[in-house]
Every structure is written in structure tokens, then in C-alpha cells.
Amino acid sequence: KEAMVDIGSRSKSSQPHWYERHVQPCVAELLGSALFIFIGCLSVVEDVEGTGRLQPALAHGLALGLAIAILGDI
């Protein structure tokens, strides 16, 4: 009986906490989206003549890469 109790308690502790399953992914999605939109909008605010579409495209690409690097493991 003791061996069965130990096995049952190990399986329960291996499950992630409710915060890690529900709250962390939502917060990560919120922060990633906010970072992506904020940096993207800031890249267009001061549009200098001659940069064309390159500046916003690079800013969005860097923001997306940064969000993935920071929040990707969540």
C-alpha cells in the first residue's frame, strides 16, 4: 500500500500549478502583443523621408524576435 501511495503522490506533484497552466500564458500573450504593437506603432510615428517601408518592417521584425526570445519558453 505504501508503494501505491508514493506513486500517486508523485503523479500529482508533477502536474504544473494552475497559475503556470492558465495565468502565465495569458500574461505572456498580453505582454508579447503589447510589445509588438507598441514598437510597431512607434516605428511609424517619426517616418523620415526616404525610409519607405523598411523602417516599420524592421521594427516589427525585431519586436517579434524580441517577444519570442523573451516569452517563448512560456
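The values are calculated or read from the model by the stated rules, or taken from the named source; none is laboratory data. Nothing here was measured: the structure is a model prediction, and the numbers come from that model. Accessible surface areas use protein heavy atoms only, side chains included; no ligands, DNA or RNA. Shrake-Rupley method; radii C 1.70, N 1.55, O 1.52, S 1.80 Å.
Only residues that are in a loop (DSSP other than H, G, I, E, B) and open to solvent by 60 Å² or more (accessible area, probe 1.4 Å) were counted in region 31-74, giving 8. For region 19-30, filtered to residues that are within 8 Å of the chain's Cα centre (by Cα) and open to solvent by 100 Å² or more (accessible area, probe 1.4 Å), the residue that is farthest from A69 (Cα to Cα) is L30.
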